[in-house]
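Working notes, structure below.
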Amino acid sequence: MKIVVVPPHFEPDVAPTGVIFTRIVEELAKRGHEIEVITSLPWYRLHRVEDGYEGKLVRHEDTPWGRITRIHPFPTADKTNIPRRALSFAGFSSLAAAVGGRGGRADAVIAVSPPLTIGLTGWAIARLRGARFVFNLQDIFPDVAIELGALKNGRLVSAARRLENLCYRLSDAITVLSDDLKVNIAAKGVDESKVHVIPNFVDTERMAPGPRENHYRKEFGLTGKTVVMYAGNIGLSQAFDSVLDAAGALAYEEDLVFVINGQGAQREALQNKARGMTNVVFVDMQPVDRLPEVLAAADIHLVPLKKGLGNSSVPSKTYSILAAGRPFVASVDGGTEIVRIAERSGGGIAIPPEDPEALAKALRRMLDHPDETRRMGEQGRSFIEGWASPGAVAGAYESLLQELLRG
């Protein structure tokens with residue numbers, strides 16, 4: 001098959017969706033498919049186009065499996081400026097559609113959201129090139145933006161809802177990460193037979209349990225400490241106030257350190273709130289090839305989502321934590337996918353979102369029972385090995401595309 005993939009990020013960009021779809025493309029190429037990737041110039045880490053890529057709106061790279069076309073993302077550093085971000089998304093999506101629609105005939109187009117505007121990009125490319133269109137949803141927008149209070153204006157909410165429904169209607173198939181997200185989409189009038197659950201994979205070979213005392217710990221003064229870590233985007237979706245409150249409640253533990261590793265729109269404000277807290281350490285985002293070492297350095301990981309986001313967001317970092325053989329505490333809405341993963345894997349504890357007292361108690365329990373906590377990490381690793389390998393996920397996409405072509 002000739003497959004066009006339209007992700008907002010792609011290697012060497014370090015955004016989680018970029019890492020995931022880089023590997024999916026590689027796995028599909030191994031199966032003999034020709035791939036064309038239409039993505040943005042790398043910008044996620046610095047919120048600006050990275051050195052070496054500036055100066056052009058469009059760049060092309062030929063690869064053994066096809067071609068990568070990189071489009072200027074018109075980035076904005078302020079994620080709270082919704083109109084500015086909407087213009088950035090619209091500019092990138094429009095340019096990507098114009099460039100992507102020029103190629104020869106293709107069999108299928110996979111467009112990865114967010115941003116939601118990329119749904120129209122994928123549809124336009126598919127129509128112009130005679131292909132079937134698969135809309136991949138990593139998160140459900142505008143639900144996430146509405147729940148966070150980032151999107152409040154009634155007219156903008158209405159416009160975003162119309163765009164969301166239009167993208168669903170135009171797609172030949174929709175893929176989501178969990179049953180919760182499938183229920184969410186079906187409740188909006190989409191035929192359930194059109195919605196397919198394909199989880200994000202985790203590279204269980206690269207992302208493997210490593211030594212706890214490693215160079216990362218040494219570099220950032222964590223040797224000999226008990227480390228509770230959040231590693232990922234410091235954005236609007238995460239309940240960091242609860243994390244700081246729990247750190248304050250456990251400040252009497254001399255060897256306990258809370259590490260917040262990453263960048264994002266809320267980093268500066270969070271550092272200001274944590275000023276004077278000696279048991280909270282901030283570390284800049286690390287290169288993607290260092291992720292196994294970063295995850296191994298923690299004794300316990302945190303997955304702190306704000307209220308209302310459990311049905312519209314599935315943090316992919318949870319899979320990497322399990323693969324690293326480390327236990328986690330997830331503060332997330334009850335009855336949602338992350339809760340089920342915690343229960344099925346035995347690798348984590350789920351508590352209500354934005355509840356610092358429950359978070360402190362969960363951490364206290366894990367600290368008081370270190371043997372049980374280590375077993376949780378081992379159980380999580382065993383679970384993820386049999387559930388979400390890269391080959392299995394790529395095979396699910398291949399089967400879906402073949403089914404659409406037959407239909």
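Bear in mind these aren't lab numbers, they're just calculated from the coordinates by the rules spelled out. Keep in mind that this is a model prediction, so the values were computed, not measured. FYI the Cβ positions are ideal-geometry reconstructions off the backbone, even for glycines, and counts take in every protein chain you see.
Indicate, rounded to the nearest 5 percent, the antiparallel portion of the DSSP beta bridges found entirely in the chain.
Numbers: 8 of 54 bridges.
Antiparallel bridges: around 15 percent, rounded to the nearest 5.
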With +1 on the Cβ of every Lys and Arg and -1 on the Cβ of every Asp and Glu, and nothing else charged, how large is the dipole of the range 215-385 about its Cα centre, in debye rounded to the nearest 20? 180 debye
7 Å from Cα along Cα→Cβ at both R127 and R105: what's the point-to-point distance in nm? 2.0 nm
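I need the semi-axes of the equivalent ellipsoid of the chain: take the C-alpha gyration tensor, multiply each eigenvalue by 5, square-root it, list largest first in whole angstrom. Walk me through the numbers before you get to the answer.
On the way: eigenvalues 247, 98, 91 Å².
So the equivalent ellipsoid measures 35, 22, 21 Å along its semi-axes.
Specify whether the C-alpha gyration tensor of the range 309-407 places it in the rounded, prolate or oblate class, a ≥ b ≥ c being the square roots of the eigenvalues: rounded for a/c under 1.5, otherwise prolate if a/b is larger than b/c and oblate if not. Write out the running numbers ahead of the final one.
On the way: a/c = 3.90, a/b = 1.80, b/c = 2.17.
Oblate shape, in that a/c is at least 1.5 and b/c is the bigger or equal ratio.
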Helix 356-368: angle to the longest alpha-carbon principal axis of the chain, degrees 0 to 90, nearest 10? 60 degrees
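Compute the FRET efficiency between A392 and K56 as 1/(1 + (r/R0)^6), taking r as their Cβ-Cβ distance and R0 = 56 Å, and round to the nearest 0.05. Don't jump to the answer; show the numbers that get you there.
On the way: r = 37 Å, r/R0 = 0.67.
The value I calculate is 0.90.
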If I fit a long axis through the Cα atoms of helix 82-100 and take the longest principal axis of the Cα atoms of the chain, what angle between them do I get, 0 to 90°, rounded to 10? 40 degrees
Measure of size requested: the Rg and Dmax of the range 131-260, with Cα atoms as the atom set and Å as the unit; please supply both. 20.7, 61
Work out the FRET efficiency for E343 and R406 from their Cβ-Cβ distance, taking R0 = 35 Å, and round it to the nearest 0.05. 0.40
Mind pulling the per residue volume of the convex hull built on the Cα atoms of the range 215-385? Å³ is fine. 106 Å³
